[in-house]
Structure formats: C-alpha cells, structure tokens
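Report on the structure given below.
Here, each number is a calculation from the coordinates, and none is a lab measurement. If you're wondering where the values come from, they're calculated on a predicted model, not measured in any experiment. Glycine also receives a Cβ, built like all others from the backbone with ideal geometry; neighbour counts cover every protein chain displayed.
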Amino acid sequence: MGERTAPVDYIERTRAQYAALGYRTYRWVANPDTPPWAPLRKPLAESRVALVASGGIYVRGQVAFHHHDDTSFRIVDADTPESELRVTHFAYDLTDARDDPSVVFPLATLRELARERTIGAVAPRAYSLMGGIYSARKVNDLLAPAIAERLLRDEVDLALFVPV
Amino acid sequence: MSSAYSITRSVNPPRAVFLDFPLGHTAGKPGEASLNRRILADALAGFESIALPGTILTLPYAWAGDDAWKDVVMRSPVTGEPRDERAPRSPTPQYQLSDDASAAEEAAPCTSCVWLEPR
C-alpha cells in the first residue's frame with residue numbers, strides 16, 4: 001500500500017482555480033449551526049429508502065438536463081433498468097458513470113440491498129437532479145422543497161442523497 | 001454520501017458518510033457490484049449509528065494503492081497549476097446519445113420531468 005493523504009480540499013482548489021481564471025471568489029454554502037435532526041423511526045431493515053442524486057442522470061425517453069443552472073428534476077421509477085440510464089454533467093469526468101451509472105446513481109445497488117433485506121424496500125421513485133446550480137437560493141427555496149414534498153408523498157422512511 | 005469532505009463539512013448536513021474517491025464515484029467503482037454493495041450498506045448503516053447531528057463518518061475504502069490521483073485534481077499534471085476541465089455551460093438539453101433526443105421527442109410531453117422555472 002502506498003501513502004495515504006488528506007482528502008482533496010475542493011474549496012481550496014476551487015479558490016485557486018477561480019483566482020487563476022480571474023473570477024470572483026466563489027461563496028460556498030456554510031451552515032455553522034447544529035443541523036436539524038430527524039431520528040430514524042424504524043430499523044433500516046424495515047425502512048423504505050429513497051435515492052436522490054445530483055449527478056445529472058436521466059432516463060432514455062426523458063428530456064436531458066441542460067448545463068446552465070438547471071433546477072428541474074427527473075422522476076425515476078425504482079425498477080428502471082440500468083441500460084436505460086443516461087448521464088450528463090459539465091463538471092466531472094463522465095466516463096465511469098456512463099459505463100456503470102451505479103457509481104453516481106446506485107439504484108440497482110439499492111435493489112440488491114432490498115433483496116438481501118439490508119433495507120426494507122426501495123421507495124417507488126428515485127429523484128434525479130443536476131448539480132452545479134450556482135444559486136444556493138434556488139436550491140433552498142425551489143428545488144429542495146419540491147423534492148422533499150415528493151418524498152413525503154412517497155412515504156419514505158429515509159432518503160439517501162448522492163451528490164457529485 | 002460525499003466524496004468532497006470540505007464541502008460537506010461546510011454544508012453541515014445532519015448525517016454524512018465520506019468516501020475518499022475521485023469526483024464522479026460518490027457511490028463506488030464501475031463494474032464492482034459487490035464492493036459497491038458494501039459501500040452502500042456501510043453508508044446506510046450511518047442512519048442507525050450516527051447519534052450526533054453534523055457527524056461525517058469516513059468509510060474505510062481507498063480508490064487505489066496510493067493517493068497520487070489527488071495531486072492532479074483540478075490541476076495540470078505537468079505544471080501543477082490550477083486547471084479548468086469543466087465543459088461549457090449550455091442552456092439547452094445535453095443528451096448523452098443523439099438517439100436520446102429523438103426518443104425524448106417521441107415520448108413528449110415528458111410526464112416524469114418536473115420543471116420549477118419557465119423553460
């Protein structure tokens with residue numbers, strides 16, 4: 001085994017990149033207060049688990065995301081075959097995600113965990129969105145509440161967010 | 001789940017698990033279904049094990065034999081200078097396959113697409 005180093009500090013590298021490009025410093029979201037807390041109401045093995053992901057996944061037949069602050073989302077049925085999943089994004093290397101979408105959208109993996117009873121069930125719908133929305137206000141006021149409302153309607157016990 | 005520790009620390013979600021993999025691999029490695037199942041099971045176990053709001057658990061997996069991949073993230077592998085590898089940000093749908101665009105046209109209107117702003 002080789003040397004292990006600290007996690008990549010993306011905030012610092014973005015600062016350096018923006019400075020090199022002559023952009024204004026990017027203002028990252030910072031929430032210093034203690035986050036809200038909702039205790040798990042039942043064991044994981046009995047819980048209905050929803051997937052929410054921001055890697056830019058769409059299903060063949062759906063309109064693809066665009067790359068300029070796209071605040072829309074896609075509803076993905078839990079039984080969608082892997083072969084129907086597509087990936088689009090402007091800010092990360094898509095090679096592996098297109099080869100195997102489960103690296104950014106682990107829906108098939110969740111189905112496996114339900115089969116082996118690690119989780120109770122996969123929620124009927126997953127929600128896919130586009131990352132790289134440069135307006136935290138739009139995410140907070142528009143997108144996050146819309147997804148949260150869907151998750152409540154789907155009566156999920158917990159949601160796993162997989163950003164890129 | 002997260003593969004960007006500093007950003008997740010700043011956002012400060014109620015519970016998080018950190019996987020020290022390159023961006024674009026938040027939930028695992030391509031073609032490694034059994035590894036990815038363990039990663040996801042470990043991530044979900046955080047819902048039962050984390051008791052303190054704001055906790056970030058680090059999962060015990062490494063991307064490669066060494067961490068050399070981290071040196072060139074957003075940097076030129078030659079000079080080490082900052083580098084922008086992002087694609088131009090177009091406001092029209094960006095399909096993975098051109099055939100997907102015709103599939104979307106045939107299936108229109110998309111009832112599983114939700115737009116929250118005027119298109």
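Observations, loosely collected:
- Radius of gyration, Dmax [chain B; alpha carbons; angstrom]: 18.9, 49
- Folded to 0 to 90 degrees: helix B:33-49 orientation relative to chain B principal axis, Cα: 70
- A Cα-only calculation for the protein assembly as shown places Rg and Dmax at 18.4, 53 Å.
- The range A:72-121-the range B:66-108 distance, computed between alpha-carbon centres (Å): 18
- Each 5 Å bin from zero up to the one holding the largest Cα-Cα distance in the range A:1-44 carries the following percent of pairs: 5, 14, 14, 11, 13, 13, 13, 10, 5, 2, 0.
- Compared with the dominant Cα axis of chain B, that is its longest principal axis, helix B:98-107 is turned about 70°.
- Compactness index (Cα Rg / 2.2 N^0.38 Å), the range A:15-140: 1.25
- The range A:18-164: antiparallel DSSP beta bridges as a percent of all, rounded to 5: 45
- The range A:67-164 - Rg (one decimal) and Dmax (whole number), Cα, Å: 14.1, 40
- Ascending count of other beta-carbon atoms within 10 Å, so fewest first, for B:M74, B:M1, A:M130: B:M74, B:M1, A:M130
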